[in-house]
Amino acid sequence: MREFEKMLKGEIYDANYDKEILKLRLKAKDICFEYNNTMPSDEKKKLEIIDKLQIKHGKNIEIVSPFYCDYGFNIEVGENFYANHKLIILDGAKVKIGKNVFIAPNVTISTAGHPIDYKRRNNGLEYAKSVEIGDNVWIGAGVIINPGVKIGDNTVIGSGSVVTKDIGDNTVAFGNPCREIRKISEDNRK
């Protein structure tokens, strides 16, 4: 089985020395470079570059430069998506983001993890676990979302949080590690 197939299946794969994986990642890095060096006012070209990365997306999306990803084709965002400066998505596995999601600056979404055993890690081995973010989510500045995490609908993740486990729907959550602080209620509309 090819290392690329192992990556997509969530198995341990060679992320650092496999030629096919390295070529795919380098291609995405070149496309990200093009995106990050395009005039912010050239929205048409920026969207064409997003399409070149094979990011699946709905209508009305904006990703403010700089933006970085490992592959692009494993990313899916819904309509009305906004990401501020310096979004990093390490997408060895699927990253699915719902509609009406707002992401503040300096956010990292990582599907990539490494073995604890240094011998395997030193051999370039890695695994990837998917990340899912629901609809109507706001992610604050400087948040890190770890592999395998699911964030529910209508949720707010506070700035500086490190999300290491699932967060439910209709929740305000923050901290390191990120945890549910309270449910969002009708009182929040006032």
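The values are calculated or read from the model by the stated rules, or taken from the named source; none is laboratory data. Owing to the predicted nature of the structure, the values given are computational and were not obtained by experimental measurement. Cβ sites come from the backbone with ideal geometry, for glycine too, and all protein chains shown count toward neighbours. Heavy atoms of the whole protein, side chains included, go into the accessibility calculation; ligands, DNA and RNA do not. Shrake-Rupley method; radii C 1.70, N 1.55, O 1.52, S 1.80 Å.
Structural remarks
- Output for the range 116-134, where each listed residue is within 20 Å of Lys165 (Cβ to Cβ) and not in a strand (DSSP E or B): Ile116, Lys129, Ser130, Gly134
- Top-ranked residue in the range 149-158 [being under 16 Å from Lys96 (Cβ atoms) and open to solvent by 40 Å² or more (accessible area, probe 1.4 Å); ranked as farthest from the chain's Cα centre (by Cα)]: Asp153
- All positions within the range 117-143 that are over 25 Å from Glu79 (Cβ atoms), touching a residue at least 12 places away in the same chain (Cβ under 8 Å) and open to solvent by 70 Å² or more (accessible area, probe 1.4 Å): Arg120, Asn123, Lys129
- Residues (more than 26 Å from Ala15 (Cα to Cα) and crowded, with 19+ Cβ neighbours inside 10 Å) located in the range 159-169: Ser161, Ile167
- Whichever residue in the range 12-33 is among the charged types (D, E, K, R) and more than 19 Å from the chain's Cα centre (by Cα) and, among such residues, is farthest from Lys119 (Cα to Cα): Lys23
- Residue check, Lys59 touching a helix residue (DSSP H, G or I) at 6+ places or on another chain (Cβ under 7 Å), at pLDDT 95 or above and farther than 25 Å from Gly158 by Cα: no
- Residue in the range 99-106 that is among the small types (Gly, Ala, Ser), closer than 23 Å to Asn37 by Cα and modelled with pLDDT of 95 or more present: yes
- Selection from the range 170-190 of residues that are touching a Lys or Arg at 6+ places or on another chain (Cβ under 8 Å) and either open to solvent by 100 Å² or more (accessible area, probe 1.4 Å) or outside any strand (DSSP E or B) (or both): Asn170, Pro177
- Put simply, of Ile139, Ile89 the only residue that is among the hydrophobic types (A, V, I, L, M, F, W, C) and within 22 Å of Ile31 (Cα to Cα) is Ile89.
- Exclusive hit being among the aliphatic types (A, V, I, L, M), touching a Cys at 6+ places or on another chain (Cβ under 6 Å) and in contact (Cβ under 8 Å) with a residue 12 or more places away in the chain, set Ile31, Ile89, Ile49: Ile89
- The number of residues in the range 24-71 that are part of a helix (DSSP H, G or I), open to solvent by 40 Å² or more (accessible area, probe 1.4 Å) and hydrophobic (A, V, I, L, M, F, W, C) comes to 4.
- Residue that is least open to solvent (accessible area, probe 1.4 Å) [pool: residues in the range 4-23 that are touching an Asp or Glu at 6+ places or on another chain (Cβ under 6 Å) and assigned to a loop (DSSP other than H, G, I, E, B)]: Ala15
- Taking the conditions (1) among the hydroxyl-bearing types (Ser, Thr, Tyr); (2) in contact with a strand residue (DSSP E or B) (Cβ under 8 Å, 6 or more places away or on another chain); (3) within 27 Å of Trp138 (Cα to Cα) in turn, Tyr13 satisfies each one other than (3).
- Any hit, the range 105-115, residues being loosely packed, with under 15 Cβ neighbours inside 10 Å and more than 18 Å from the chain's Cα centre (by Cα): yes
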